[in-house]
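Let me begin by presenting the structure, written as structure tokens, before commenting on it.
A short reminder: the numbers here are calculations on the coordinates, not readings from a lab. Fair warning: this is a prediction, and the values are worked out from it, not measured in the lab. Heads up, the Cβs are rebuilt from the backbone with ideal geometry, glycines too, and the neighbour counts pull from every protein chain shown.
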Amino acid sequence: MSPQILDPVLLRTDYSELELHASGKVRDVYNLDADHLLFVATDRISAFDYVLATGIPHKGRVLTQISLFWFDFLEDIVPNHFVTADVNRYPAAIRSHAVELRGRSMMVMRAEMFPVECVARGYLSGSGWKEYKASGSVCGIQLPPGLKESDQLPEPIFTPATKATTGTISTFRSKKCARSSIPN
């Protein structure tokens, strides 16, 4: 069996050489310098706004690789904050953690965060189920009557939510999300 398959699950990061900027449900963010941050995707699991005690091996690497794919795929369409995921190009102070960082981290430019999580739902669960029971809709999207918890939806729906720094997230209607993304 490959030693990489047996890598320990990464639930916490602690890089004393760097100042922790933020710690989210899955990612830890460190200050690199005045213009750059280091994003590190851990293997933590978050479900219904709670971080669970166990993790999924290599989850952080998978999430990072998905992000890298989309940053590359969309680079000619929309600018992004990505600089590099090559640990050899990171500042010297952090390269001693290269084995842990490789494949699960990226250096990015500082940017103003747009505090919205883009949630696509294919099934009626969690807060969507709770809202559907009360109103027959999710985030203002009317759904067919008679659905049961965790039923597959007729088609996926977009249900944006506010990005919480701590605590819970709040969903809102897609039109509000579009309006809030237009500069004044």
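Assuming R0 = 35 Å, can you tell me the calculated FRET efficiency for the pair LYS130 and THR54, based on Cβ-Cβ distance, to the nearest 0.05?
Working: r = 26 Å, r/R0 = 0.73.
The formula returns an efficiency of 0.85 here.
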By the Cα gyration tensor axes a ≥ b ≥ c (a/c under 1.5 gives rounded; else a/b larger than b/c gives prolate, otherwise oblate), the shape of the range 3-109 is rounded
Residues meeting the amide H criterion for VAL83 (H placed from the backbone, H to H distance under 5 Å, 5 or more places apart or on another chain) are MET107, VAL108, MET109
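Which net charge results when you count Lys and Arg as +1 and Asp and Glu as -1 among the other residues whose beta-carbon is under 12 Å from that of LEU37?
Details: positive: ARG27, ARG110; negative: GLU19, ASP28, ASP33, ASP35.
Around LEU37, the charge tally is -2.
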Phi angles of the range 18-31, converted by Karplus (6.51 cos²θ - 1.76 cosθ + 1.60, θ = phi - 60°) into ³J(HN,Hα) in whole Hz with x for Gly and Pro, give 10, 8, 6, 8, 6, 10, x, 5, 10, 9, 10, 10, 10, 6
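Rounded to the nearest 0.05, what FRET efficiency is calculated for ASN31 and ASP76 with R0 set to 30 Å and r the Cβ-Cβ distance? Could the numbers behind the result be given before it?
Numbers: r = 30 Å, r/R0 = 0.99.
E(calc), rounded to 0.05, equals 0.50.
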Between PHE69 and GLU117, the two model label points (7 Å from Cα along the beta-carbon direction) sit apart by a distance in nm of 2.1 nm
The answer for TYR123, listing residues at least 5 apart or on another chain whose modeled amide H is closer than 5 Å to its amide H, is LEU153
So, over other residues within a Cβ distance under 12 Å of ARG95, counting Lys, Arg +1 and Asp, Glu -1, the net charge is -1
A correct Karplus calculation of ³J(HN,Hα) over the range 135-141, with 6.51 cos²θ - 1.76 cosθ + 1.60, θ = phi - 60°, whole Hz and x for Gly and Pro, returns 10, x, 9, 10, 6, x, 9
Low-density loop chymotrypsin sites (Phe, Trp or Tyr not before Pro), the range 61-144, at most 10 other Cβ within 10 Å, DSSP non-H/G/I/E/B, are none
